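First the structure, in the form of structure tokens, and then the observations on it.
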Amino acid sequence: QPQFEESGGGLVQPGDSLKLSCSISGISFGAYELRWFRQAPGKQRELAALIRADDSTSYVDAVKGRFTISRDDDKEVMYLQMNNLNVEDTAVYYCDAYLNEMQDWWGQGIQVTVSP
């Protein structure tokens, strides 16, 4: 089983920045599509950002222009730089490494709280 280590979450104020990190060992990291999902209280989990093996990226409209997903295949770490945070970004953030339906691995989640 892959091992995940997530870090960087916490409590911040609106307008602040955070950078989430997710280290994943035990997979062929460079081959995977990497995703950040988030789940706000009382809401369904949503895909916030993804980065493919070729480094192309996609974002949900709500975070475009504020969030940046990246990856370091040598270090086997994925990142989510989050700028200009607002209260609607409050959620548990999950990193996900996806290769196919049988090889889809999830981190345990990390809390991000944005509050005045």
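Below 12 angstrom from the Cβ of A91, what's the summed charge of the other residues (Lys, Arg +1; Asp, Glu -1)?
On the way: positive: R38, K43, R45; negative: E46, E88, D89.
Net of charged neighbours comes to 0.
Keeping the other protein chains in place, figure out the carbon and sulfur percent of the accessible area of the chain, with a 1.4 Å probe. Provide the component values of the computation, followed by the final result.
Working: 2750 of 6120 Å².
Carbon-and-sulfur percentage of accessible area, whole number: 45.
How much accessible area per residue does the chain have, in Å², with a 1.4 Å probe? All intermediate terms of the calculation are to be shown ahead of the outcome.
Details: 6120 Å² over 116 residues.
Per-residue value: 53 Å².
Converting phi to 3J(HN,Hα) with the Karplus coefficients 6.51, -1.76 and 1.60 and the offset θ = phi - 60°, the stretch 30-41 yields x, 7, 8, 7, 10, 9, 10, 9, 9, 9, 7, x Hz in sequence order, with x at every glycine or proline.
Would you kindly calculate the mean projected area, averaged across all directions, of the convex hull enclosing the Cα atoms of the stretch 1-68, in square nanometres? Result: a mean projected hull area of 5.8 nm².
Around V77, under 10 Å between beta carbons, what's the net of Lys plus Arg minus Asp minus Glu among the other residues?
Numbers: positive: R71, K75; negative: E5, D72, D73, D74, E76.
Residues close to V77 contribute a combined charge of -3.
Could you state the orientation-averaged shadow area of the convex hull built on the Cα atoms of the stretch 32-116, in nm² to one decimal?
Working: hull surface 24.2 nm².
Over every viewing direction, the Cα hull of the stretch 32-116 projects on average to 6.1 nm².
The values are calculated or read from the model by the stated rules, or taken from the named source; none is laboratory data. Please read these numbers as outputs of a predicted model, since none were measured by experiment. Ideal geometry is used to build each Cβ from the backbone, glycine not excepted, and the neighbour counts take in all protein chains shown. Surface areas here come from the heavy atoms of the whole protein model, side chains and all, with no ligands, DNA or RNA. Shrake-Rupley method; radii C 1.70, N 1.55, O 1.52, S 1.80 Å.
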